[in-house]
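Engineer: First, the structure itself, so that you have it in front of you.
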Amino acid sequence: MLILSIETSCDETAVAVTRNGREVLADEIYSQADMHALYGGVVPELASRNHIAVIGRLSDMALEKAGITRKQIDAVAVTFAPGLIGALLVGVSFAKGLALALEVPLIPVHHIRGHIAANYIAYPELEPPFLSLIVSGGNSLIADVRGYTDIRIIGSSRDDAAGECFDKVARVLGLPYPGGKPLDELSRGGDDTAFKLPRSKIDGYPYDMSFSGLKTAVVNIVHNAEQKGETLDTSSLAASFAYAVSDTLIPRTMEAARELSYNKIAIAGGVAANSRIRADFEKAAAAESKTLYIPPLSLCGDNGAMIGCQAYYEYLVDCRAGMALNAFATMDVDSSISTTLSFESFK
Ligand code: KG4
């Protein structure tokens, strides 16, 4: 089954062609990050307009790369939630038009389910059930992945997402947007014990997280140094920060895996690209003889292939959208998509 999949939830326009879920024939991504860097963060209206400008050409490029024609597409998939509403609507409208014209099914995909599915592409042997940590620019979630479409969230951030915290800390240190990668680079070689930074704990909710206190602590250190005219060891501050994030994410994830008796742990989302978090997870998993799955850097951030992969499994459980499909800025990952939205059947 050949699926053309579209992802426009934030500032990446992405179109992929996948075969039977796990084989990627093309994965085209156009990142708008340089444009948004001018403003220090994503400007939603500009994101929507740029998706419109490139999505048609990007989908032609994906077909060319996959070596197929439009007529060979068996289904069109699209991220419909969660994300920036205007940005999502561009992808949803384009996907509806394509599915209608080609008379093929339209498959709605939840963005976070897509991030988890990036692991199925990277690890052909991986099958649910397993525990997953999804850490991106907008979400920090610990999920019990019972089946491909049966996912329960057991922990989440109460405020900033981990990626958002990386971006805000990077900004105060004068690094460009998106700040996760440059902050990661700055932290290498720094002393991770130089600054004592807080780790949140929420009474009664062992798997929930909070990152705003950590962000504020770093911002205060930077502002105090500026006011006193002191030079900061920014590399050590970045290393101490990365350690604090890693020390927030990893013990919770390992505890959840123990509690649910999972031996498989899959990490996903843009922050899964972080070198400190990857290294610490490898050590923690090895210490408990658990198998760790972390996608290559190319599949950690937003991409179309992960949407095509998840779409295949949604299709197998009869999840289809009609022309009434809408986009949603927020939606729980564990909602049963077909029952929640009661889409009209299209094909
Ligand atoms: O998954 P993603 O591409 O988009 C969302 O769905 O949100 O994640 C983007 C986030 C940004 O906050 C970015 O700064 C962060 O992932 N990120 C990183 C690294 N690379 C990207 N954070 C920490 N270390 C990295 N190496």
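The values are calculated or read from the model by the stated rules, or taken from the named source; none is laboratory data. Because the structure is predicted, anything quoted here is derived from the model rather than measured. Neighbour counts are summed over all protein chains in view; Cβ atoms, including those assigned to glycine, are modelled from backbone coordinates with ideal geometry. Side chains are part of the model used for accessible areas, which takes the heavy atoms of the whole protein and leaves out ligands, DNA and RNA. Shrake-Rupley method; radii C 1.70, N 1.55, O 1.52, S 1.80 Å.
Engineer: Treating the beta-carbon of each Lys and Arg as +1 and of each Asp and Glu as -1, no other charges, what is the dipole magnitude of the stretch 214-275 about its Cα centre, to the nearest 20 debye?
Structural biologist: Here the stretch 214-275 has a charge dipole of around 220 debye.
Engineer: Report ³J(HN,Hα) in whole Hz for each residue of the stretch 142-149, in order, from the Karplus equation J = 6.51 cos²θ - 1.76 cosθ + 1.60 where θ = phi - 60°; Gly and Pro get x.
Structural biologist: 10, 10, 8, 8, 7, x, 4, 10
Engineer: Take every Cα pair under 8 Å in the chain that's 6+ residues apart, average their separations, divide by the length, and report that relative contact order as a whole percent.
Structural biologist: In percent, rounded to a whole number, it is 24.
Engineer: Cut-off under 25 Å on the C-alpha distance; same-chain residues fewer than 8 positions from residue 283 excluded. Which lysines are left, in chain and number order?
Structural biologist: 181, 196, 201, 264
Engineer: Also, I was wondering about something else. List the equivalent ellipsoid semi-axes of the stretch 23-124 in whole Å, largest first, each obtained as the square root of 5λ for an eigenvalue λ of the Cα gyration tensor.
Structural biologist: Three semi-axes, in Å: 23, 17, 15.
Engineer: Next up: Using a Cα-Cα cut-off of under 20 Å, which aspartates and glutamates could be cross-linked to residue 168, ignoring same-chain neighbours fewer than 8 residues away?
Structural biologist: 11, 12, 34, 159, 160, 184, 185, 192, 226, 233, 247, 302
Engineer: By average Cβ neighbour count within 10 Å, what is the ranking of 296-308, 125-137, 252-264 from highest down?
Structural biologist: Most protected by this proxy first, the peptides run 296-308, 125-137, 252-264.
Engineer: Ordered by residue, what ³J(HN,Hα) values in Hz, to whole numbers, does the stretch 111-123 give under the Karplus form 6.51 cos²θ - 1.76 cosθ + 1.60, where θ = phi - 60° and Gly and Pro are x?
Structural biologist: With coefficients 6.51, -1.76 and 1.60, one gets 4, 5, 4, x, 4, 4, 5, 4, 5, 5, 6, 6, 10 Hz.
Engineer: Place +1 on the Cβ of every Lys and Arg and -1 on the Cβ of every Asp and Glu in the chain, take the dipole about the Cα centre, and give the residue among 217, 178, 5 whose Cα lies farthest towards its positive end.
Structural biologist: 5
Engineer: Quick one: divide the alpha-carbon radius of gyration of the stretch 149-217 by 2.2 N^0.38 Å and tell me what you get.
Structural biologist: So the stretch 149-217 has a normalised radius of gyration of 1.29.
Engineer: Once every DSSP H run of n ≥ 4 in the chain is given -39500 (n - 2.57) and the sum is divided by its residues, what mean residue ellipticity at 222 nm do you get, rounded to the nearest 500 deg cm²/dmol?
Structural biologist: Theoretical 222 nm ellipticity from helices: -14000 deg cm²/dmol.
Engineer: Once phi is turned into ³J(HN,Hα) by the Karplus curve 6.51 cos²θ - 1.76 cosθ + 1.60 with θ = phi - 60°, what whole-Hz value does each residue of the stretch 265-279 show in order, with x for glycine and proline?
Structural biologist: 10, 10, 9, 8, x, x, 6, 5, 7, 5, 5, 5, 5, 4, 5
Engineer: When we measure straight from the Cα of residue 290, which aspartates and glutamates land under 13 angstrom away, once same-chain ones fewer than 8 places off are left out?
Structural biologist: Hits, sequence-local ones excluded: 255, 282.
Engineer: Further question: Quantify, in whole percent, the carbon and sulfur part of the accessible surface of the stretch 198-347 (1.4 Å probe; protein heavy atoms only).
Structural biologist: The value for the stretch 198-347 is 49 percent carbon and sulfur by accessible area.
Engineer: Considering only DSSP beta bridges with both partners in the chain, what is the antiparallel share in %, to the nearest 5?
Structural biologist: 60 percent
Engineer: Need the C-alpha centroid separation for the stretch 1-29 versus the stretch 35-51, integer Å.
Structural biologist: Centre-to-centre (Cα) distance: 22 Å.
Engineer: From the mean inverse distance of alpha carbon pairs (Kirkwood) and the Cα radius of gyration, derive Rg over Rh for the stretch 196-324.
Structural biologist: 1.08
Engineer: Nothing charged except the Cβ atoms of Lys and Arg (+1) and of Asp and Glu (-1): what's the magnitude of the dipole of the chain about its Cα centre? Round to the nearest 20 debye.
Structural biologist: Computed about the Cα centre, the dipole is about 160 debye.
Engineer: Hey, another quick one. In whole Å, what are the extents of the chain along the principal axes defined by its C-alpha atoms, from largest to smallest?
Structural biologist: Largest to smallest, the principal-axis extents are 65, 46, 33 Å.
Engineer: If packing is taken as the average count of other Cβ atoms within 10 Å, what order do 189-198, 51-60 fall into, highest mean first?
Structural biologist: Per-residue mean Cβ counts within 10 Å order the peptides as 51-60, 189-198.
Engineer: Another question, if that's okay. Taking every alpha carbon pair in the stretch 97-158, what does the distance histogram look like in 5 angstrom bins from 0, in percent?
Structural biologist: 4, 15, 24, 21, 14, 10, 9, 4, 0
Engineer: Additional query: Only Lys, Arg, Asp and Glu count, each charged at its Cβ (+1, +1, -1, -1), so figure out the dipole size of the stretch 43-109 about its Cα centre, rounded to 20 debye.
Structural biologist: 80 debye
Engineer: Run the Debye formula on the Cα coordinates of the stretch 1-60, all scatterers equal and no solvent, and tell me log10 I(q)/I(0) at q = 0.18, 0.22, 0.23, 0.26 1/Å.
Structural biologist: So the normalised log intensities work out to -0.62, -0.81, -0.85, -0.99.
Engineer: Counting only C-alpha contacts under 8 Å and six or more residues apart, can you give the relative contact order of the stretch 128-268 as a whole percent?
Structural biologist: 30 percent.
Engineer: Also: Starting from the 7 Å offset along Cα-to-Cβ, what nm value, one decimal, do you get for the label separation of residue 194 and residue 216?
Structural biologist: Output for this residue pair reads 2.5 nm.
Engineer: With the dipole of the chain worked out from charges on the C-beta (+1 for Lys and Arg, -1 for Asp and Glu) around the Cα centre, which of 77, 105, 156 lies farthest toward the positive end?
Structural biologist: The listed residue farthest towards the positive side: 105.
Engineer: Ok, one more. Once the convex hull of the C-alpha atoms of the stretch 193-241 is built, how many Å³ does it hold per residue, rounded to a whole number?
Structural biologist: 75 Å³
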